[in-house]
Amino acid sequence: MKLIGILTIATLILLYELPKMKKKKMAKEIKVFFIFLLLATTVSTLEIYNLPTPNPLECIKYLFEPVGKLVIGK
């Protein structure tokens, strides 16, 4: 039931925002909007099923750890 609620809200947001963005010919913004809406819907779905959600800090650590090793020399 919660999943249906999340998908309904995501659909309503899409139906509310997309026509305005199309009317203003905001192609790049529409792409970013879809990415963020998909990301938010995915994370919300993972949360309601108590599945592990990605931690942004782990991604940052993965990206910058090699740089830190180069700078510090360890």
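FYI, it's all coordinate maths here, none of it is from the lab. Since the model is a prediction, treat every value here as computed from it, not as a measurement. Cβ coordinates were reconstructed from backbone atoms using ideal geometry, including for glycine residues, and neighbour counts include every protein chain displayed.
Could you work out the per residue convex hull volume over the alpha carbons of the chain, in cubic angstrom?
Details: hull volume 6.7 nm³, N = 74.
Output value, Cα hull per residue: 91 Å³.
In nm, to one decimal, how far is the modelled label at F34 from the one at L3, with both set 7 Å along Cα→Cβ?
Each label point is offset 7 Å from its Cα along the Cβ direction, giving 2.3 nm.
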